């Protein structure tokens, strides 16, 4: 008699959604039903364009989730269109996840500082506790204590764990196997959100590949960094389609201005995408060269290995370094208020000429 092997099916992420939002219908806008017609009189829009709107395109409300953009993003991120939600940058994705999963005053999230500050900001604005399991620094590297994160999430009933990979401001890439193991451990208990704003610069696999087996994994992506569209504010949440549908119902109406959608589609065209890939290669090479040159300066205590488009640097006198750069018109990010970074600056990669200027200015007084 043949043995029957049962394949374990991951729990639906709907179990993690707030009970009061599981059947929440959200707001249905005039564009929600995707009706077709010649004369549109259903959204209280102006029948005439503004004088400043030459082709009259701006008088109409935009499609909340334009199919062409969803298809393009799905192709870019190697997922199904129904697995993604486009919105106002990664910030909106973070906010939607906190609101959909965490009960105000009753739940918590886990972060690992130093990290992107918006996870804690969104949680606190929502009345949600923030549990910090700090990154561990050793041998010039930042490491995430996945066991401690899992322990804290289970012990304190956290509903979301936010992981930043590559980390901001550390630049450290998290092992995808460890992320999968954490998601397995927290299945049915917490959502594991992986913020991959800088993954293009890491030449590493995305955590989106985990979603099929780990339905409690969600991934944040953005066109702001590698694709040079920071002002267009196009961010994406990629997750199980059931969770995406919940987030869509929690999203405010008309999140994507038509002009931003149009720019995003142009930026994802074949020629633009080829240029983006070439510039990513340039950033990687410049990043490694900048880190090497900064490491040789006497006033630099440490330059951390980075898989992002910036380097995190500790200085003997961070204030002096910051002032010298600013005095020459070069603005870098002062990280001294972040936990454990009282002597650090974060330097984004610029053009080769700009990167050389950073070294020259710091070298002159080193």
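The values are calculated or read from the model by the stated rules, or taken from the named source; none is laboratory data. Note that the coordinates shown come from a computational prediction; the quantities given were computed from them, not determined experimentally. With ideal geometry, Cβ positions are generated from the backbone for all residues, glycine too; neighbour counts draw on all protein chains shown.
A few comments on the model shown:
- Sole exception among (1) more than 24 Å from residue 199 (Cβ to Cβ); (2) surrounded by fewer than 13 Cβ atoms within 10 Å (Cβ to Cβ) for residue 325, by number: (2)
- Within the range 25-44, the set of residues being surrounded by fewer than 14 Cβ atoms within 10 Å (Cβ to Cβ), modelled with pLDDT under 80 and more than 19 Å from residue 242 (Cα to Cα) comprises 33, 34, 35, 36.
- Residue check, residue 250 in contact (Cβ under 8 Å) with a residue 24 or more places away in the chain, farther than 30 Å from residue 20 by Cβ and assigned by TED's automatic domain parsing to the domain that holds residue 201: no
- Residue selected from the range 291-323 under the condition touching a residue at least 24 places away in the same chain (Cβ under 8 Å), in a helix (DSSP H, G or I) and touching a strand residue (DSSP E or B) at 6+ places or on another chain (Cβ under 8 Å), by the criterion nearest to residue 350 (Cα to Cα): 294
- Which numbered condition residue 233 fails, given (1) crowded, with 20+ Cβ neighbours inside 10 Å; (2) at negative phi: (2)
- Residue in the range 45-64 that is assigned to a loop (DSSP other than H, G, I, E, B), over 18 Å from the mean Cα position of the chain (by Cα) and modelled with pLDDT of 95 or more present: no
- Unique residue being within 19 Å of the chain's Cα centre (by Cα) and either over 26 Å from residue 268 (Cα atoms) or surrounded by 14 or more Cβ atoms within 10 Å (Cβ to Cβ) (or both) when the list is 95, 139: 95
- Only one of 262, 288, 281 that is part of a helix (DSSP H, G or I), free of Cβ contacts under 8 Å to residues at least 12 places away in the same chain and surrounded by 15 or more Cβ atoms within 10 Å (Cβ to Cβ): 262
- Helices (runs of 4 or more DSSP H) lying entirely in the range 73-182 (those with 2 or more residues that are without any contact (Cβ under 8 Å) to a residue 24 or more places away in the chain, farther than 30 Å from residue 260 by Cα and in the same structural domain as residue 222 (by TED's automatic domain parsing)): 146-155
- For residue 276: the one exception among (1) in contact with a helix residue (DSSP H, G or I) (Cβ under 9 Å, 6 or more places away or on another chain); (2) surrounded by 14 or more Cβ atoms within 10 Å (Cβ to Cβ); (3) over 20 Å from residue 75 (Cα atoms): (3)
- Filter pass, residue 22 being more than 24 Å from residue 158 (Cα to Cα), surrounded by 10 or more Cβ atoms within 10 Å (Cβ to Cβ), assigned by TED's automatic domain parsing to the domain that holds residue 255 and touching a residue at least 12 places away in the same chain (Cβ under 8 Å): no
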